[in-house]
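Reading through the structure tokens given below for one structure.
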There are 2 protein chains.
Amino acid sequence: MPLSSLPAVGVDLGGTNTKAALVDAESGVLFSRSAPTRAELGPDVVLDDIAELVRALMLDAGIEAVQGIGVGAPGAIDWERTTITQPPNIPGWGKVNLRTALRERLELPELPVIVENDANVAGLGSAYFGAGKPHDSFIMVTLGTGVGGAIIYQNQIFRGATGAAGELGHMTIDYEGPMPRSGVAGAIEGYIGQRLLSRYARYRLIHEDTLLHGMLGDDLEGLTPLHLFQAAEKGDEGAIEVLAWAGHKLGCVLGSAVNLLDIRTIIVGGGVSGAGPLLLDATRRTLPRYVVPALRGNLLVIRETLGNEVGTLGAAQLILQPLAERDS
Amino acid sequence: MPLSSLPAVGVDLGGTNTKAALVDAESGVLFSRSAPTRAELGPDVVLDDIAELVRALMLDAGIEAVQGIGVGAPGAIDWERTTITQPPNIPGWGKVNLRTALRERLELPELPVIVENDANVAGLGSAYFGAGKPHDSFIMVTLGTGVGGAIIYQNQIFRGATGAAGELGHMTIDYEGPMPRSGVAGAIEGYIGQRLLSRYARYRLIHEDTLLHGMLGDDLEGLTPLHLFQAAEKGDEGAIEVLAWAGHKLGCVLGSAVNLLDIRTIIVGGGVSGAGPLLLDATRRTLPRYVVPALRGNLLVIRETLGNEVGTLGAAQLILQPLAERDS
């Protein structure tokens with residue numbers, strides 16, 4: 001069997017869980033597995049666990065070889081796409097060469113292993129298996145704990161000078177705006193990142209008549225975006241307004257991205273995107289107002305509905321794409 | 001003589017003047033010529049004039065063939081890079097296929113002719129002949145009547161989905177900021193485009209003790225950025241403050257561009273950039289504050305000192321670069 005017809009393994013290395021899937025270019029996910037990321041035990045244990053997931057998937061499928069392993073990981077990835085440096089949410093990691101580590105553990109010294117930033121990997125997953133399939137180029141936004149992003153240009157990840165392109169969450173929409181942890185005033189993450197959106201919603205609604213009081217008590221302690229969706233779906237006006245407020249802010253920053261990139265298809269994924277039209281209709285209304293008139297045609301904001309799978313699929317796609325593209 | 005060793009013609013089609021140069025990849029500009037753009041007489045006359053400039057340059061050099069003609073033009077260029085549509089500053093043009101028109105006029109039906117957006121062309125000129133030479137990737141900002149931009153990525157123009165990428169001037173730095181003609185609230189052009197910067201400076205300084213009163217009279221009518229530089233160079237505090245204010249705003253928008261692109265070299269050209277450190281020192285101070293901490297290393301803001309020549313050189317470079325890249 002030629003190597004290129006074998007399935008590939010995609011690994012989504014998260015701070016809490018590590019997901020892995022055996023993926024075929026045609027059929028998508030064949031088998032998938034997941035295990036807690038035992039970050040507190042150090043890199044060696046985490047790497048052992050990843051190797052174990054790969055072996056288990058090969059057993060699941062009854063195969064003895066894979067085309068390679070793609071890994072989506074948080075934080076900075078080197079230009080050669082082998083090594084991650086101090087991933088956030090995985091404390092105690094300095095610099096770890098995942099290619100070398102996985103080849104050693106699997107005793108496959110030639111195995112293709114490619115590591116890529118997790119936001120970029122989600123973009124690639126969308127491009128080949130999700131909402132991005134019909135589009136050569138798009139901007140991917142991931143609304144989760146933070147606001148992540150990726151640029152897919154002509155079906156490839158646009159990596160920038162060091163592989164970190166797509167940091168949409170840190171683009172400012174108000175140079176004198178609120179200051180999030182990153183220290184970038186008015187960065188969009190400071191409005192619609194999960195923590196700050198939750199805080200905004202709490203303080204905005206705490207004195208209002210809202211269903212959220214019934215769900216969370218008087219002081220709305222513990223409010224999350226999920227509570228907002230639930231209340232909004234029951235028609236709660238305050239929750240609906242906050243989600244539209246967030247969608248409006250997202251439209252502002254996406255306008256700047258469209259102006260700079262001339263890429264007019266936006267794909268929105270991540271947990272907070274689950275709010276769907278409650279959030280994205282406002283984004284669609286706002287976006288053209290922040291785009292130069294000549295580029296206002298054909299703007300498209302769509303949701304990625306693949307969910308978590310987008311990460312393992314995209315990671316596998318790092319391996320599955322033709323060699324010429326893979327090494328570009 | 002092989003075609004690839006011939007010089008190329010670069011044409012910079014402006015609203016006021018059309019500049020053309022015969023350019024050699026090694027030596028740069030061999031001969032250059034310029035003529036008023038007789039836009040009011042319609043496209044046919046302008047195209048005749050361009051063809052005449054090309055013929056004159058060939059006579060200057062005593063050659064009977066060129067490798068091709070590259071044209072930098074304002075406005076929207078089609079994806080195939082042959083045709084411009086309704087260029088601003090050249091009223092009455094609908095859609096003009098420059099490739100066909102110039103081939104006909106020069107009776108050279110096979111002549112390579114490539115048209116590209118003028119901001120992109122300036123970026124290419126800087127990349128191959130100017131301040132961009134040592135850098136594979138950079139963001140070019142052109143501070144003139146408007147605020148233009150281009151993205152040079154791995155020595156190529158990043159064109160986006162339709163060739164219009166780089167519209168940095170329309171990126172917002174304040175989603176509720178001042179409204180320029182484009183209708184994008186808080187767009188950087190609304191702060192530091194020539195007209196609005198001049199107006200800001202006038203109203204900010206009109207009631208202050210400034211050298212500008214001696215240059216322009218009590219009401220500072222007719223103030224331009226050039227007056228600001230002249231006064232600032234003589235130590236005028238008000239003018240110095242306004243230029244630093246403009247540089248600060250530029251730093252805010254460049255931060256967003258760096259976050260999105262992970263390209264950390266910025267090259268600033270255009271007339272207003274003539275203010276040099278009076279403007280750009282403030283940009284350098286502000287820029288890192290608007291970039292995510294992980295990308296704050298190696299930020300570089302430099303001036304393009306080639307001046308107008310960057311346009312004709314970049315246009316010629318459209319032809320001079322290797323075929324594989326030219327067609328990408």
For A:Glu26 and A:Asp136, what is the calculated FRET efficiency with R₀ set at 22 Å and r taken between the beta-carbons, to the nearest 0.05? 0.65
Average partner coverage of A:171-183, which counts Cβ from other chains inside 10 Å: 6
Förster-model FRET efficiency, 30 Å R0, A:Asp218 and A:Arg289, C-beta, rounded to 0.05: 0.20
Under the classification rounded if a/c is under 1.5, otherwise prolate if a/b is larger than b/c and oblate if not, where does the protein assembly as shown fall, given a ≥ b ≥ c as square roots of the Cα gyration tensor eigenvalues? oblate
Count the DSSP beta bridges whose two residues both fall in region B:1-152, then state the antiparallel fraction as a percent rounded to the nearest 5. 75
So for region B:96-159, Kirkwood radius off the Cα pairs, Stokes-Einstein at 10 °C and 1.306 mPa s: how many µm² s⁻¹? 121
When only Cα pairs under 8 Å and 6 or more residues apart are kept, what is the percent relative contact order across region A:1-154? 18
Sorted from largest down, give the three principal axis spans of the alpha carbons of region A:143-228, whole angstrom values. 49, 30, 16
Packing-based order for A:228-238, B:251-261, using average beta carbon neighbours within 10 Å, highest first: B:251-261, A:228-238
Please identify the DSSP H helices in chain A that span no less than 18 Å along the helix axis (Cα) and have a mean Kyte-Doolittle hydropathy of 0.5 or more. A:43-61, A:237-261
Relative pair counts by distance (%), Cα atoms of region B:187-279, 10 Å bins: 17, 48, 25, 9, 2
Provide, for q = 0.08, 0.13 Å⁻¹, the log10 of I(q)/I(0) from a solvent-free Debye sum over equal Cα point scatterers in region B:1-147. -0.21, -0.57
Loop-only trypsin sites (Lys or Arg not before Pro) in region B:1-91, please: DSSP not H, G, I, E or B, and at most 15 other Cβ atoms within 10 Å. B:Arg38
Rounded to the nearest angstrom and ordered from largest down, what semi-axes does the equivalent ellipsoid of region B:207-328 get from its C-alpha gyration tensor (root of 5λ)? 33, 21, 10
What does the copy distance list look like for B:Tyr203, label position 7 Å along Cα→Cβ, in nm and ordered from shortest? 3.0
About the Cα centre of the protein assembly as shown, how large is the charge dipole given +1 on each Lys and Arg Cβ and -1 on each Asp and Glu Cβ? Please answer in debye to the nearest 20. 240
Which whole number gives the average, over all residues in A:156-162, of C-beta atoms from other chains lying within 10 Å of the residue C-beta? 6
Taking the radius of gyration and the Kirkwood hydrodynamic radius from Cα positions alone, what is the Rg/Rh ratio for region B:48-115, to two decimal places? 0.99
Number of partner chain Cβ atoms within 10 Å, mean per residue of A:124-133: 0
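Can you give the FRET efficiency to the nearest 0.05 for B:Gln230 and B:Arg181, using r as the Cβ-Cβ distance and R₀ = 25 Å?
On the way: r = 27 Å, r/R0 = 1.10.
Efficiency, from the Cβ-Cβ distance: 0.35.
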Label position 7 Å from Cα toward Cβ: report the copy-to-copy distances for A:Val45 in nm, one decimal, ordered from shortest. 8.1
From DSSP H assignment alone, runs of 4+ in chain B each adding -39500 (n - 2.57), the sum over residues rounded to the nearest 500 puts [θ] at 222 nm at -11500 deg cm²/dmol
Expressed as a whole percent, how much of the Cα-Cα distance distribution for chain B exceeds 27 Å? 46
If you average the sequence gap of Cα pairs under 8 Å that are 6 or more apart and divide by the length of chain A, what percent do you get for the contact order? 20
Per the Kirkwood formula over distinct C-alpha pairs, the hydrodynamic radius of region B:67-216 in angstrom is 17.6
Other copies of A:Gly222: label-to-label distances in nm, shortest first, labels 7 Å along the beta-carbon direction: 7.2
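What's the magnitude of the charge dipole for region B:228-309 around its Cα centre, counting Lys and Arg as +1 and Asp and Glu as -1 at the beta-carbon? Answer in Debye, nearest 20.
Once rounded to the nearest 20, the dipole reads 360 debye.
Do any chymotrypsin sites (Phe, Trp or Tyr not before Pro) in region B:13-103 lie in a loop, going by DSSP, with at most 13 other beta-carbon atoms within 10 Å of their beta carbon, and if so which?
Sites meeting the loop and neighbour criteria: B:Trp79.
Computed from the coordinates by the stated procedures, all read-outs in this text should not be read as laboratory data. Treat the numbers as computed from the prediction; the structure is a model and nothing was measured. All Cβ positions, glycine included, derive from the backbone under ideal geometry; neighbour counts span all protein chains shown.
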